[in-house]
Amino acid sequence: MELFNENSKLAIVIHKDHTLLPVINRLGIKLGFGDLTIKELCIKEGIDTTFFMEIINVFHDENYFSEKKLRDFSVTIVIDYLQKTHRYYLDYVIPEQERLIDLFLLNCINDCKENELIRKFYNKFKEEFVSHLQFEETLVFPYILALNDAIQNPAKKSIFFGQFPDFTIKGFEEEHGNMDEKMFDLKNIIIKYLPPNYDLNIGNSLLTNLFMFEKDMNNHSRIEDKILTPKVIQLEKMIKKDE
Ligand SMILES: [Fe+2]
Ligand SMILES: [Fe+2]
């Protein structure tokens, strides 16, 4: 698959892969950019061009994952991007999925009891997903930022150890697998098992939304597991060595 480079015009990039739209938004770019290249836009908006390139290429091509390059970025820039992604999920994706599920069930004719399964499965997924995001926002990310800060300013070390006496990043990525499975099951219920007594176009919109979200979520987890976690393990070793 063709990878993009910083001299690519962003408009052409979007024509080639429109699934990048939410990604460029959370990296700080809004539409209406004319013929500017990625490099020109990043300079204009004060965005790190290399980080922008890595994130869009990782998203665009599942097989592209330059762990080495991505691990060179500071944890603060990675966490900032991950937090913006969380906001996008909570403020837009979940309400939109709920709206589509309501519409899907509202437009069902005859016996719709089985179709209610969708809401049940979705709620289970949502509960786990939202509590996972809260866990990252309230514990994991503050822990990583404090750890990073303590390494850069040794005077802050005792505060860090006081705040997080026992926490380590180990085991953090295990939760991602469960959420992926739940999302896969949800799609499969519609594809394989529900009686098609609903509006097919609304069903397709819901499924398309779930597929897009699944891609986004997998990508997000991949960055947390393959970039953030190894970086944090490195930082944990550093702080222990200097203890
Ligand atoms: Fe996350
Ligand atoms: Fe996560």
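Each row is one residue, and each column tells you yes or no for (1) over 19 Å from the mean Cα position of the chain (by Cα); (2) within 16 Å of ligand 1 (Cβ to nearest atom); (3) modelled with pLDDT of 95 or more.
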site	(1), (2), (3)
F172	no, yes, no
H176	no, yes, no
Y198	yes, no, no
F211	no, no, yes
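Of the set (1) more than 20 Å from I101 (Cβ to Cβ); (2) at pLDDT below 95; (3) assigned to a helix (DSSP H, G or I); (4) within 16 Å of ligand 2 (Cβ to nearest atom), all apply to P142 but (2). Only one entry of D149, D80, D72 meets the criterion of being modelled with pLDDT under 90 and out of contact with any Pro (no Cβ under 6 Å at 6 or more places or on another chain), and that entry is D72. When you check N63 against the structure, is it touching a residue at least 12 places away in the same chain (Cβ under 8 Å) and closer than 30 Å to P195 by Cβ, yes or no? Criteria not met by N63.
Quick one: which helices (runs of 4 or more DSSP H) lie wholly within region 25-106 and hold at least 1 residues that are under 17 Å from the mean Cα position of the chain (by Cα)? Talk me through it step by step, then tell me what you get.
Details: elements: 38-45, 49-60, 67-71, 75-88, 94-106.
Where helices (runs of 4 or more DSSP H) fall fully within region 25-106 and carry at least 1 residues being under 17 Å from the mean Cα position of the chain (by Cα), they are 49-60, 67-71, 75-88, 94-106.
Selection of region 158-181 for residues being surrounded by fewer than 17 Cβ atoms within 10 Å (Cβ to Cβ), assigned to a helix (DSSP H, G or I) and more than 12 Å from ligand 2 (Cβ to nearest atom) yields S158, I159, F161, G162, Q163, E181.
The residue that is surrounded by the fewest Cβ atoms within 10 Å (Cβ to Cβ), counting only those in region 212-237 that are polar (S, T, N, Q) and out of contact with any His (no Cβ under 9 Å at 6 or more places or on another chain), is Q234.
With respect to being assigned by TED's automatic domain parsing to the domain that holds G28 and surrounded by fewer than 19 Cβ atoms within 10 Å (Cβ to Cβ), T50 fits the description. Whenever a residue of region 204-225 is more than 25 Å from K192 (Cβ to Cβ) and of a type outside the set (A, V, I, L, M, F, W, C), its partners that are within 16 Å of ligand 2 (Cβ to nearest atom) and not in a helix (DSSP H, G or I), lying with C-beta atoms within less than 6 angstrom and at least six residues away or across chains, give the pairs D225/E173.
Here N115 clears all of (1) polar (S, T, N, Q); (2) more than 30 Å from N204 (Cβ to Cβ); (3) buried (at least 16 other Cβ atoms within 10 Å of the Cβ) except the condition numbered (2).
Would you check if there is a residue in region 6-15 being within 30 Å of L145 (Cα to Cα) and of a type in the set (S, T, N, Q)? Looking for residues that are within 30 Å of L145 (Cα to Cα) and of a type in the set (S, T, N, Q), one finds none in region 6-15, hence no.
Matching residues to (1) of a type in the set (D, E, K, R); (2) in the same structural domain as H18 (by TED's automatic domain parsing); (3) exposed (fewer than 15 other Cβ atoms within 10 Å of the Cβ):
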| position | (1), (2), (3) |
| --- | --- |
| K44 | yes, yes, yes |
| I55 | no, yes, no |
| H60 | no, yes, no |
| L82 | no, no, no |
| H86 | no, no, no |
| Y89 | no, no, no |
| L100 | no, no, no |
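The values are calculated or read from the model by the stated rules, or taken from the named source; none is laboratory data. The shown structure was predicted, so the numbers you read here are calculated from the model rather than taken from an experiment. In this analysis, Cβ positions are derived from the backbone assuming ideal geometry, glycine residues included, and neighbour counts consider all displayed protein chains.
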